[in-house]
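Structure record follows, encoded as structure tokens.
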Amino acid sequence: MADDRQTWPVQIFRKFKEFNIRQVTYVPDAGHAQLIELCESADDMQSIVLTAEQEGIGILAGAWLGGERGVLLMQSSGVGNCVNTFSLAKVCGFPLLIIVTMRGEWGELNPWQIPMGQITADVLRLTGAVVYEVTEPQFAASAVEAAARIAFNGGLTAAVLLSQRMLGTKLFKD
Amino acid sequence: MQAAAKLERRDVVARMLADRGDLLVVSGLGSTTYDCAAVGDHPLNFYLWGAMGSAATVGLGLALAQPKRRVLVVTGDGEMLMGLGALATIAVKRPGNLAIAVIDNEHYGETGMQRTHTGAGVDLAGIARTSGFLETTTVRAQNELEGGVTILRGAPGPALVVLKVSCARDRLVLPPWDGSFLKSRFRQALLGAESAHRG
């Protein structure tokens, strides 16, 4: 299922266009692969690969200072890497739009993913983020739209969490 | 003789910000934020007071958004060490208008002057160079300062200059720390009032 071409990444990409997203920062995840491809091939977007997720928070703060909007794509484990750096977005009121693909949340095989996956939404809420949890692919784009509007109009951190229920679970098979 | 030749951080930062023109400045938390304020507060200074390790990445996002403006990040050795991965990310993105000045006293000045890795041989200019920065150097003496400043202000980037300075503690000069104010003031000065208050 995760290998099939999905329509939700295309719909999310269209929302990025609608909201004039110019800088797409990411640490890759299998769940984001198709969306990343779309962003990489867009002429009016810059893709920035990160060594760690918290770099994206700084980059998007700088982008906003310079008049551009961006988005941060990551896997749920990356939320833990970001915690202190979230204070930059919060204390300054920088908009921070985050799309998180979940691991360790629903039927996970790798036990090492579970500790962070089980606290991802709570950690985000503790840092003051608005959180939308999406379990059905048909609601992904509308959640991104809602999060983008709240982030960019409200100067807030807004995260969309895409559940393993819609992404499928990594099965560790060739 | 050796000790007498050490550079002083306030002189070095004053020199790199002299006649700044339309330069955009991002400073890292701690002493470099005070150093930039000591030269004179400016709406196009964005001072970090936290989020350690983020000065270089803020500079990167700004440089990509404003490719026609020179962006100068002024940060310390401790702050830069916490964001080493950013050097790789910047090198890969190759923003020609981004320069990073590391004011390196080889100590954590805010917390009791504990030694940082740069005092034990870690070479930040070397890390930047091998990551792919176009211009890197380490300035240790007065007669090398001019060359370092020339790189920071005008050489094709990404550029990183380490400036080895003394451990002297300077008078505290504290710029505003209201992040929301700093952000809006910067955007208004750069983008104009109309766009600054819209997304």
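The values are calculated or read from the model by the stated rules, or taken from the named source; none is laboratory data. Just so it is clear, the model here is predicted, and its values are computed rather than measured. Glycine also receives a Cβ, built like all others from the backbone with ideal geometry; neighbour counts cover every protein chain displayed.
Rundown of residues vs (1) in contact (Cβ under 8 Å) with a residue 60 or more places away in the chain; (2) more than 14 Å from the chain's Cα centre (by Cα); (3) farther than 19 Å from B:Leu29 by Cβ, yes/no style:
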residue: B:Val74; (1), (2), (3): yes, no, no
residue: B:Leu87; (1), (2), (3): yes, no, no
residue: B:Ala101; (1), (2), (3): yes, no, no
residue: B:Thr111; (1), (2), (3): no, yes, no
residue: B:Gly119; (1), (2), (3): no, yes, yes
residue: B:Val122; (1), (2), (3): no, yes, yes
residue: B:Arg129; (1), (2), (3): no, yes, yes
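Candidates are the residues of the stretch B:46-62 that are more than 12 Å from A:Thr85 (Cα to Cα) and within 13 Å of the chain's Cα centre (by Cα); the one that is surrounded by the fewest Cβ atoms within 10 Å (Cβ to Cβ) is B:Tyr47.
Mind telling me which of the residues A:Ala129, A:Ala143, A:Ala121 ends up being under 18 Å from A:Lys15 (Cα atoms), surrounded by 17 or more Cβ atoms within 10 Å (Cβ to Cβ) and in contact with a strand residue (DSSP E or B) (Cβ under 9 Å, 6 or more places away or on another chain)? Quick ask: steps written out before the conclusion?
Details: A:Ala129 fails: under 18 Å from A:Lys15 (Cα atoms); A:Ala121 fails: under 18 Å from A:Lys15 (Cα atoms).
Exactly one residue qualifies, and that residue is A:Ala143.
Among the residues of the stretch B:55-89, the ones that are within 17 Å of B:Phe133 (Cβ to Cβ), in a helix (DSSP H, G or I) and charged (D, E, K, R) come to 1 in all.
If you go through the stretch A:3-20 and keep only what is of a type outside the set (S, T, N, Q), farther than 16 Å from A:Val100 by Cβ and touching a residue at least 12 places away in the same chain (Cβ under 8 Å), you end up with A:Arg5, A:Val10, A:Phe13, A:Arg14, A:Lys17, A:Glu18, A:Phe19.
Matching residues to (1) surrounded by 23 or more Cβ atoms within 10 Å (Cβ to Cβ); (2) closer than 30 Å to B:Leu29 by Cβ; (3) of a type in the set (Ser, Thr, Tyr); (4) at pLDDT 95 or above:
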{"position": "A:Lys17", "(1), (2), (3), (4)": "no, no, no, yes"}
{"position": "A:Gln23", "(1), (2), (3), (4)": "yes, yes, no, yes"}
{"position": "A:Asn84", "(1), (2), (3), (4)": "no, yes, no, yes"}
{"position": "A:Phe94", "(1), (2), (3), (4)": "yes, yes, no, yes"}
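Quick check: anything in the stretch A:55-75 aromatic (Phe, Trp, Tyr), surrounded by fewer than 24 Cβ atoms within 10 Å (Cβ to Cβ) and over 13 Å from the mean Cα position of the chain (by Cα)? No, the stretch A:55-75 contains no residue that is aromatic (Phe, Trp, Tyr), surrounded by fewer than 24 Cβ atoms within 10 Å (Cβ to Cβ) and over 13 Å from the mean Cα position of the chain (by Cα). Scanning the stretch B:60-92 for residues that are within 11 Å of chain A (Cβ to nearest Cβ) and out of contact with any Ser or Thr (no Cβ under 9 Å at 6 or more places or on another chain) yields B:Leu62, B:Ala63, B:Leu64, B:Ala65, B:Gln66, B:Pro67, B:Lys68, B:Arg69, B:Val71. State whether the residues of the stretch A:101-123 include one that is within 14 Å of chain B (Cβ to nearest Cβ) and at pLDDT 95 or above. For the stretch A:101-123, residues within 14 Å of chain B (Cβ to nearest Cβ) and at pLDDT 95 or above: absent. Scanning the stretch A:40-80 for residues that are among the small types (Gly, Ala, Ser), touching a helix residue (DSSP H, G or I) at 6+ places or on another chain (Cβ under 9 Å) and more than 9 Å from every other protein chain (Cβ to nearest Cβ), we see that the one that is farthest from B:Gly179 (Cα to Cα) is A:Ala42. In the stretch B:2-15, the residues that are under 13 Å from B:Glu144 (Cβ atoms) and among the aromatic types (Phe, Trp, Tyr) never reach a residue that is exposed (fewer than 13 other Cβ atoms within 10 Å of the Cβ) and at pLDDT below 65 with C-beta atoms less than 9 angstrom apart, at least six apart or across chains. Which one of the conditions (1) free of Cβ contacts under 8 Å to residues at least 60 places away in the same chain; (2) more than 7 Å from chain B (Cβ to nearest Cβ) does A:Ala89 fail to meet, given that it meets all the rest? The one condition A:Ala89 does not meet is (1).
I want to confirm something. Restricting to the stretch B:159-188 and keeping residues that are hydroxyl-bearing (Ser, Thr, Tyr) and free of Cβ contacts under 8 Å to residues at least 40 places away in the same chain, which single residue is farthest from the other protein chains (Cβ to nearest Cβ)? Top of the filtered list is B:Ser184. Taking the criterion of being part of a loop (DSSP other than H, G, I, E, B) and within 13 Å of chain A (Cβ to nearest Cβ), the residues of the stretch B:23-54 that qualify are B:Gly28, B:Leu29, B:Pro43, B:Leu44, B:Leu48, B:Trp49, B:Gly50, B:Ala51, B:Met52, B:Gly53, B:Ser54. All of (1) more than 21 Å from B:Asp22 (Cα to Cα); (2) not in a helix (DSSP H, G or I) hold for B:Gly126 with one exception: (2). Each residue in the stretch A:126-174 was checked for being small (Gly, Ala, Ser), assigned to a helix (DSSP H, G or I), more than 14 Å from chain B (Cβ to nearest Cβ) and touching a residue at least 24 places away in the same chain (Cβ under 8 Å), and 2 pass. Can you tell me which of (1) loosely packed, with under 13 Cβ neighbours inside 10 Å; (2) of a type outside the set (S, T, N, Q); (3) within 14 Å of another protein chain (Cβ to nearest Cβ) is the one B:Leu191 doesn't meet? The one condition B:Leu191 does not meet is (1).
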